[in-house]
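The values are calculated or read from the model by the stated rules, or taken from the named source; none is laboratory data. Keep in mind it's a predicted model, so treat the numbers as computed, not measured. Here the Cβ is made from the backbone with ideal geometry for all residues, glycine too, and neighbour counts use every protein chain on show.
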Amino acid sequence: MPPSNAIPVKVSISPIAGDNTANIQNAINQVAAMPLDANGFRGTVLLNAGIYPCSNTITINVSGIVLRGVGSSTNGTGTVLQATASNAYTLQGTANSGGSQRATLDLSGLGNFTAMVDQVLIGVAGPVNRPTGTLYFGKTNIVTASGSPGILAADSGSNSGGQNLIYLGQTNAIFADSLTIARQKANASLRFNSAFANAAAIFRGADGSSRVGAWMIADNSLQSTARVPRWARMTLAADGSMPWWIQWCLEKTKRRRAQTALAC
C-alpha cells in the first residue's frame, strides 16, 4: 500500500469565512463519487494553508479517501482545523457483506492540531456496515474529548470488522476520562507514527489533571454471546527505541474472547 502522501490530489480547497464544515464535506463527497484505483484509493482532498473552523460533523463514509493538510501552523503557513463541535471527526469505511473498507484522515502534515470535542470515533458503527478507519494525528496535538468514551476505535455491529489504526504524532497531550481500543467485532491499534522521532504522549482526564478513569483494550464489553475474538495493540515507546511487549488474554467469559498486546 502506498503512503498516504503519495495518493494523488483530486480536490484542493482553501478556507472560507465562517464555518468550513460544508466546504470540507463537499470536497470529500466529490472524491467519494470517484472510482477506486488499483491500490484501492479514490484520491486525496488537500486542505491548503489556512484556518478551517468546523462547527459540525465531518464524515468520510466510503473507503479510499485521504484528507490531508500542508505546512506548519506554528509559522502561519500551514493548515489548521478548528473543531468547535462534539464528534467533529467521524471515520467510517463502508462495505457490503464482502468485507471492510477503509477511510483515512491524515493530519500528519499539520504542525499543530488542537481539538475540544465530545468524542473521537474511528471505525465506529453508524450508518455504514463494517466501519474501518485510519487516523494520523499531527506533529503536535492537544486533544480534549469529554464524552464516554472520549476516544473509541473499532466498534462494529457486523462480524469481521476491519483493522482500525490511530497514529500519534511527535508530541501528544490527550485529555479523556475514558479510552476504548477495540470494543467489539473489530480490531484496533494505537501507536506512534514512525515518521516522528523521539515521540512522547501524556494521557490525562478530560479536566487536564485527573487520571484517566478507564482505559479499555479489546474488552468486547458489548458482546454477551458473540464468539468473535478481538485484537488490540498499543505501541507506546516514548524514546523511539524498540518497545517491549506484554501480552495477555483478557477475560474469557460465556462465549466471548478478547486478546491484547501492549507495548510500553
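Miscellaneous remarks
- Thr74 satisfies every condition listed in (1) touching a Gly at 6+ places or on another chain (Cβ under 7 Å); (2) at pLDDT 75 or above; (3) not in a loop (DSSP other than H, G, I, E, B) except (2).
- Condition check for Gly138: within 22 Å of Gly64 (Cα to Cα) and either in a loop (DSSP other than H, G, I, E, B) or polar (S, T, N, Q) (or both): yes
- Residues that are under 25 Å from Asn112 (Cβ atoms) and without any contact (Cβ under 8 Å) to a residue 24 or more places away in the chain within the range 23-60 comprise just one, Ala27.
Every residue, every condition in (1) assigned to a strand (DSSP E or B); (2) more than 19 Å from Pro131 (Cβ to Cβ); (3) modelled with pLDDT of 85 or more, yes or no:
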site	(1), (2), (3)
Ala27	no, yes, yes
Leu36	no, no, yes
Ile51	yes, yes, yes
Asn56	no, yes, no
Thr59	yes, no, no
Ala85	no, yes, no
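- Pairing each residue of the range 173-197 that is within 16 Å of Pro131 (Cα to Cα) with any residue that is of a type in the set (Phe, Trp, Tyr), provided the two are 6+ apart or on different chains, yields C-beta distances under 6 Å for Asn187/Trp231.
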